[in-house]
Amino acid sequence: MIMKKKKLIYMGKRYDYVVYLSYPGEEQFDELGKLILNDYLHKHTSIEKNNLNLKVNRLNDYYASIYIINKQERVKKRILVAASDGALFPTVDLAIDANENAQSIFEEEGVYGSYGIRDRKLLDNIIESTKHSVYFGEDQIPSLLRKAAVYWWKFAHYQVFMNGNKRTGLLVASAFMYLNYMTLDFNQDRMYEISKGIARDELTVDDVYGFLLKNTHLTYDRLLRDYLK
C-alpha cells in the first residue's frame, strides 16, 4: 500500500489523498477502510469511535472511495483507493529462515536446537495456497490481513518444522505484513500467547484475523518514502 498526500479530483469528487493498494477486491477495500479509520482515531484521540461512520464505495474492480463521516453526515476525510496486483508474499526460504531464527528471538517451551523441516509438502502448500487463493473464480482469502491470519494460524497449528512452529507462525505473518506496509501494534508476549492458543485449538483463523484488524496500522511514512524512490 502506498499513500500519496496530494489532493486531486477524480470523477468529479475531490479527495484528500490517494492510497495505492497492492491487492484488489471488495473485501480488501472494506478492510483498508477499517484500518484507515483506526489510524484516524489513533491520531484524533478526543473523537469517540461511535461518533464516526465509514463509507466505502467500490467504483470499479481497481478503484474505490472511502469516506470518514461524523454523525452530522459531514465528511472528515475523503480517500481515493487505487489497487493493483502488486502484493509481496513470503517465500519458502523466508519461512525456513524465520524458523531457524525463531529460537534466538524469544523463548518457547520445548526442545531447543532441533532444526529442520518435518513436512516439506505442507510447507510448500501453505506458502502457495495462501498466495494463490482464487478457486473457481472466487478468492478464498480475499484480503492481505486475512492472508496474514492464515499464515500465522497454519504455521502455528501444523507441525511443519521440527521445532518452533508457534514462533514461526507469528514471524511469517509479521514479515508478510511488513512487506505490504502494515505493522502490528502489540507486544511480543501477547502475540506469542495467540500462537499458543492456535496450537491448543482455542483460536480459529477468524479469531486471529479479528485481532489483526484491531491492532494493525499502516506505515504511512515508509509507504510514501518507498513510493517516492
Using label points projected 7 Å from each Cα along Cα→Cβ, tell me how many nm separate Lys77 and Asn125, to one decimal. 4.1
Relative contact order of the chain, please, whole-number percent, based on alpha carbon pairs below 8 angstrom and at least 6 residues apart. 20
Size of the chain as Cα extents on the principal axes (Å, biggest first): 60, 39, 35
With labels modelled as points extended 7 Å from the Cα through the Cβ direction, what inter-label distance (nm, one decimal) is found for Lys214 paired with Leu59? 3.4
Normalised contact order of the stretch 92-218, rounded percent, pairs of Cα under 8 Å and 6 or more residues apart: 28
Skipping prolines and chain starts, which residues have an amide H placed within reach, meaning under 5 Å, of the one on Thr216, given they are 5 or more residues away or on another chain? Asp185
Sort Phe136, Phe211, Phe89, Phe161 by Cβ crowding within 10 Å, fewest neighbours at the top. Phe136, Phe89, Phe211, Phe161
Nonlocal amide H pairs with Phe161, under 5 Å, H built at 1.01 Å: Arg118
Roughly what would the spin-label model give for Met11 and Thr45, points 7 Å off Cα along C-beta, in nm? 3.8
Out of residues 5 or more away from Asn53 or on other chains, whose amide H comes under 5 Å of its own, with H placed 1.01 Å from N in the peptide plane? Ile69, Asn70
Any chance you could run the full-extension gain for Asp97 through Gln159? It's 0.36 nm times the residue separation minus the Cα-Cα distance, nm to one decimal. 20.7 nm
Cβ density ranking, 10 Å radius, fewest first, applied to Thr216, Thr91, Thr183, Thr45 yields Thr45, Thr91, Thr183, Thr216
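Rule-based calculations on the coordinates, nothing more; no lab input. Every value quoted in this text rests on a predicted model; they were computed, and no experiment measured them. Positions of Cβ are generated from backbone atoms using ideal geometry, with glycine treated the same way; all protein chains shown enter the neighbour counts.
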